[in-house]
Each structure stands twice: as structure tokens, then as C-alpha cells.
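Have a look at the structure below, then the notes.
The values are calculated or read from the model by the stated rules, or taken from the named source; none is laboratory data. What you see is a predicted model; the values in this text were computed from it and never measured. Methodologically, a virtual Cβ is constructed for each residue, glycine included, from the backbone with ideal geometry; neighbour enumeration extends over all protein chains shown. The protein model used for the area step is the full one, side chains on, heavy atoms only, and it has no ligands, DNA or RNA in it. Shrake-Rupley method; radii C 1.70, N 1.55, O 1.52, S 1.80 Å.
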Amino acid sequence: KAGVTQTPRYLIKTRGQQVTLSCSPISGHRSVSWYQQTPGQGLQFLFEYFSETQRNKGNFPGRFSGRQFSNSRSEMNVSTLELGDSALYLCASSLGGTHSGNTIYFGEGSWLTVV
Amino acid sequence: GENVEQHPSTLSVQEGDSAVIKCTYSDSASNYFPWYKQELGKRPQLIIDIRSNVGEKKDQRIAVTLNKTAKHFSLHITETQPEDSAVYFCAASSFSNTGKLIFGQGTTLQVKP
């Protein structure tokens, strides 16, 4: 069974640009969530999508957005990039049912550098 | 709000010793507590998890304990090996937010040969 796949793995963008990251969840998983990892702030939850609907949202500005497609693949977009957006962006997938403790699996991440 | 505190931030042990990492959560609705190991430049990998209806869970050299009354949970690694060196994260989620993990700040474990 293939794991969570993220593309691109590495990218460099200029301040003010926008970026789109892609995530393919594990087959059969309907929940996709996104996290930002930085040395200073650790792992922070961005948002979660389940059945094409945003189910949870973290405390990030509106420049961070996402969507999920009918095949559960997800994209996240960051507009008007700032230097502080440089981070590892991790996608995670799970079955997503509303019962105790969905096991969540992470992708390898997309390393974003903003210059 | 939701918060998970993790201690210590760094931990150095000799090979063969035990290591203990502790976490405290604030949201009383939390009912799922996974632990992830992250090696440098790699993805966080789930090593063990525990649900609120269980007080302790073991998997070979790794064990996790949960005290719901005190809102504490801990990771115990016995007979540590150099390959256990990594950053360990605790996390918590709740029944109403199963896809949202709140992470602790991480513990850098160094196992000296």
C-alpha cells in the first residue's frame, strides 16, 4: 500500500509569490490534514479536509488555504509569501471517521524556502 | 485553548539506559494520544499510540502510560540504542476533532554508545 505522497519535495519561492502544494493520501483514507513545521514553532496544525469539506482549521492567516478533491487528494495554497512561511509542510492522512483515535500517517513533506 | 506541554526538550542517556518523556494536555475532551519519532530530514513516524479507555500500552521496548485524571501521558523507552536517537513528539486529539493533532514541542533524545 502506497503511503502519503507529497509534491513537490523542495521548492524555492520569492516573497510575494504564491505556492501550491499537493498531497495524495493513503488509498481509502478520506481525511487529509496539513501541518507546518518550523524550528521555532514546532508542528502546527493548518487545516483538515474530509470528504471535500474543511472540517477543522488552525490559527493561520487567510493566505493559507486548501481544498480536497473527490478522490481525496488535497492541495494547499499560500498566497503572498513571506519569509516566515519558510518551513516544512507536512500532509497527513487518516480514515477520518468520527470515532476515537484515527491513526494519522504523515508524508515526507514539502520543504518551502522563501527568499 | 488546546495545548500540549512536553518535557524535557532534550534528553541524553547512555546506551542501555531508559528514557522517559512526559506530556501534559489541557483539553479534557482529548481521547487519543499518539507518539511520533522524527529523524533528521524525515517524516514523523508513529511509534505508539494510546486511547483514553486504556491506561498503558506496550510494544517491545516502548511503552506509553496515560493518566486521564491528571491529563498526563508519558513515553518510556527501555534498553535504549543509538538508533533511538531522534526527536520525539507527543500529540493529542479529541473525538470531535479526530483529524487535528495538537503537538508538544518535541524532545531531542540522544543515546550515547
Task: B:Val20 being among the β-branched types (Val, Ile, Thr), more than 9 Å from every other protein chain (Cβ to nearest Cβ) and open to solvent by 40 Å² or more (accessible area, probe 1.4 Å) - done: yes
Open item on the list: When the residues of the range B:40-88 are narrowed to those that are in contact (Cβ under 8 Å) with a residue 60 or more places away in the chain and not in a loop (DSSP other than H, G, I, E, B), which ends up surrounded by the fewest Cβ atoms within 10 Å (Cβ to Cβ)?
Closed with: B:Pro82
TODO: Please work out if B:Glu39 is of a type outside the set (Gly, Ala, Ser) and more than 24 Å from B:Lys100 (Cβ to Cβ).
DONE: yes
Open item on the list: Being away from chain A (no Cβ under 11 Å), surrounded by 15 or more Cβ atoms within 10 Å (Cβ to Cβ), within 27 Å of A:Leu90 (Cα to Cα) and small (Gly, Ala, Ser): is that true of B:Ala92 here?
Closed with: no
- [ ] Give the residues of the range B:1-17 that are closer than 23 Å to B:Ser96 by Cα and open to solvent by 10 Å² or more (accessible area, probe 1.4 Å), sorted by residue number.
- [x] B:Gly1, B:Glu2, B:Asn3, B:Glu5
